[in-house]
Amino acid sequence: MSAAAADHDVAQTVSRALRRTFADARHAVKTIASRTGATVRTAKSWWAGETAPRADQLVRLMCEFDEVRAAVISMTHVDEDPDVAPPLLRADELRQTLTAALALLERP
């Protein structure tokens, strides 16, 4: 797959995920720009599926929006191989998991 084709796939995937996230939001583009630090013009481009986010922007989108994170991870086909790393946990889930693990380690 060419780089241009891959960028197009990412652009379309991000666009669909953002539209699922903000299905009824009136000011979706402004919210996306605000939460990611991108310009409104850039957020409009993502919303329309015209351009793929740069790597740093994609990471920010994945951190801010669960739908984007799930969509990008699904592009990797991770779920096809059970030996591949588990899906990412949200911060609160990670904190709970680590707290539970530490509690187990502290047992006599």
How many of the residues in segment 43-70 are polar (S, T, N, Q) and touching a helix residue (DSSP H, G or I) at 6+ places or on another chain (Cβ under 7 Å)? 2
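Residue by residue, here is whether (1) under 16 Å from Arg69 (Cα atoms); (2) hydrophobic (A, V, I, L, M, F, W, C) holds:
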site	(1), (2)
Val14	yes, yes
Thr21	yes, no
Arg26	no, no
Ile32	yes, yes
Thr39	no, no
Pro53	yes, no
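Bear in mind that the values in this text are calculations on the coordinates, not laboratory data. As the structure is a prediction and not an experimental result, all values here were calculated from the model. Neighbour counts run over all protein chains shown; Cβ positions are idealised from the backbone, glycine included.
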